[in-house]
Amino acid sequence: MIKIEYIMTKNMVENVLKKNVSLYTNKILLIFILIFTPITIFCCGFFCGTLRIEDILLALFIVISSLLIWSQIVCIIITKKRVKNTFERVRIMYGDIDEFPEAIVFEEDEWLVEGEKNSLNFKYEDMVKYFFLDNQLCIVTKGNCLVNFPIDPNSEQAKQIEKLLVQKGHAKKIRWFL
């Protein structure tokens, strides 16, 4: 059994949510750029009648810059909505405080997140993926529940938890390129 007691702050939760949303938005943006670049080149050649490099570069610049601008707007909107929803749930559970103490316990058959006013039980089969972000271990479960807690990723305890997550669950480690 591994037990970690910690104090989660609203800033820590907000930072993880912001980075998580921006990483997913940037991944989707990359896919859109890879899709729209050949379409733009084809359309420029088809509608302009020529394949001049200036026409293609101008069209590519317009498409990519508009995708970048819209992705940042979408990222800001989604982040604000998720942060508002998360802090509303936190306010209901804990009241109007900025710090809330919790503990996470990894047992043989399940792992628990215990707070002052609530407790969440998870099976190891419920895990989908995990990753380290800002010296926090973030675990995503089925139903997109994000459980994060502060821990040094290079510590011995983090290595034990990671080993346990891989052995007991079906979670995959995600390596983000930041």
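Specify which residue in the list I39, I161, L23 is farthest towards the positive end of the charge dipole of the chain, using unit charges on the beta carbon of Lys, Arg (+1) and Asp, Glu (-1), about the Cα centre.
Ranked along the dipole, the leading option is I39.
For region 10-93, what D do you get in µm² per second when you plug the Kirkwood radius from alpha-carbon pairs into Stokes-Einstein at 10 °C and 1.306 mPa s?
Value of D from the Cα-based Kirkwood radius: 106 µm²/s.
Given the C-alpha centroids of region 99-178 and region 25-45, what is the distance between them in whole angstrom?
Centre-to-centre (Cα) distance: 36 Å.
Please list, ordered by chain and number, the residues whose modelled amide H lies under 5 Å from the amide H of L137; skip anything fewer than 5 residues away on the same chain.
Result for L137 returns F149, I151.
Of the cross-linked pairs K19/K81; K27/K80; K80/K163; K84/K123, which ones have a Cα-Cα span greater than 24 Å in the structure shown?
K80/K163; K84/K123
Treat every Asp and Glu Cβ in the chain as -1 and every Lys and Arg Cβ as +1, leave all other atoms uncharged, and give the resulting dipole magnitude about the Cα centre to the nearest 20 debye.
Magnitude of the dipole: close to 660 debye.
Relative contact order for region 10-93: what is it in percent, counting Cα pairs under 8 Å that are at least 6 residues apart?
About 42 percent, as a whole number.
Mind checking the log10 I(q)/I(0) for region 1-156 at q = 0.14, 0.18, 0.20 Å⁻¹? Debye, one equal scatterer per Cα, no solvent, two decimals.
-0.79, -1.11, -1.29
For the chain, set up a GNM with springs between Cα atoms under 10 Å and report which of L120, L58, L67 has the largest fluctuation.
Sorting by GNM fluctuation, first place goes to L58.
In nm, to one decimal, how far is the modelled label at A103 from the one at L34, with both set 7 Å along Cα→Cβ?
4.6
What share of the DSSP beta bridges in the chain is antiparallel, in percent to the nearest 5?
95
Calculate, for the chain, the solvent-accessible area per residue in square angstrom, rolling a 1.4 angstrom probe over the heavy atoms of the protein chains.
That works out to 64 Å² for each residue.
Roughly how many percent of the accessible protein surface of region 119-177 is carbon and sulfur, given a 1.4 Å probe and a whole-percent answer?
48
Which GluC sites (Glu not before Pro) in region 76-135 pass both tests, a DSSP loop state and at most 15 other beta-carbon atoms within 10 Å?
E107, E108, E116
Could you identify which residue out of K142, K117, K129 has the top mean-square fluctuation in a GNM of the chain using Cα springs shorter than 10 Å?
Among K142, K117, K129, the largest GNM mean-square fluctuation belongs to K117.
Return one number: the angle in degrees, 0 to 90 and rounded to the nearest 10, between the long axis of the Cα atoms of helix 10-48 and the longest principal axis of the Cα atoms of the chain.
20
The values are calculated or read from the model by the stated rules, or taken from the named source; none is laboratory data. The structure presented is a predicted model; accordingly, all values stated were derived computationally and were not measured. Every residue, glycine as well, gets a Cβ built from its backbone with ideal geometry; the counts of neighbours run over all protein chains shown. What goes into the accessible areas is simple: the full protein's heavy atoms, side chains included, and nothing from ligands, DNA or RNA. Shrake-Rupley method; radii C 1.70, N 1.55, O 1.52, S 1.80 Å.
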